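For reference, the structure is listed below as structure tokens.
The values are calculated or read from the model by the stated rules, or taken from the named source; none is laboratory data. This is a predicted model, so every value here is computed, not measured. Note: ideal-geometry Cβ built from the backbone for every residue, glycine included; neighbour counts use all protein chains shown. Heads up: the accessible areas ignore ligands, DNA and RNA and are worked out on the full protein's heavy atoms, side chains in. Shrake-Rupley method; radii C 1.70, N 1.55, O 1.52, S 1.80 Å.
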Amino acid sequence: DTSAYTGRPIVKVAPKSFNLNEGQTRQVRVTIDVPQDAGAGGRYAMLEVRGTPNEPDEEQNVGLEARIGASVVVTLEGTAQTRTGDITDVKIAPVTHGEPVNVTTVLRNTGNYHYGNSPVRMYAGATLKDPAGNNVIAMVTPLTDTSLVPTFSRSFALNLSTTEELEPGRYALEVQVG
């Protein structure tokens, strides 16, 4: 991540690399040093722990690599955490009689703080209106437990279904994501 909200410059790990033999343990220190001029909002980084097998020999000819990621979220205290976003794309799949109306929406986080984890979970909603402007289908659904950090985008799929048959005509779709 090279965005303005990256936490890479303020998160230090020591040691960065080392070898462990079977049964050994090692302490790793993670330090977060926030400068006075860090700006506002949040900073984000991912710590990756990777286990790589030794080179194959006569006794061992297969190895597995394991990776674990840990999110680092730094809230810059005393600054405004702004949650804003833009819907950058809405697509409606071809509508088939008797099938749900499939809608895909893309949200871009234009703020300085993440969406998606407690207490501010993301949601997606859509309302389909008939030619007279009446609501035919309306739904709101909470989204994943993962965050959407500033400058990044996420695609959301909604399947609007109704038990009533839709009359032929021109319908309007309103989409909300937040």
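Structure notes:
- In the chain, excluding the sites themselves, the longest stretch lacking any of the chymotrypsin sites (Phe, Trp or Tyr not before Pro) that are in a DSSP loop with at most 16 other Cβ atoms within 10 Å is 19-151.
- Histogrammed with a bin width of 10 Å, the alpha carbon distances of the range 1-94 distribute as 12, 30, 23, 18, 12, 5 percent, first bin at zero.
- Space enclosed by the convex hull of the alpha-carbon atoms of the range 40-88, per residue, Å³: 117 Å³
- Nearest-10 value in Å² for the accessible area of residue 147, using the 1.4 Å probe: 40 Å²
- Overall Cα dimensions of the range 94-160 - principal axes, largest extent first, Å: 40, 22, 19
- FRET E, pair residue 176, residue 28, Förster distance 35 Å, beta-carbon r, rounded to 0.05: 0.25
- Cα Rg, Dmax (largest Cα-Cα span) when computed across the chain, Å: 23.4, 76
- Percent accessible area from carbon and sulfur atoms, the chain, protein chains only, probe 1.4 Å: 48 percent
- Here is the list for the range 93-178: GluC sites (Glu not before Pro) lying in DSSP coil, each with at most 10 other C-beta atoms within 10 angstrom of its C-beta, are 164, 165.
- Where the chain is the region considered: accessible area per residue in Å², 1.4 Å probe: 70 Å²
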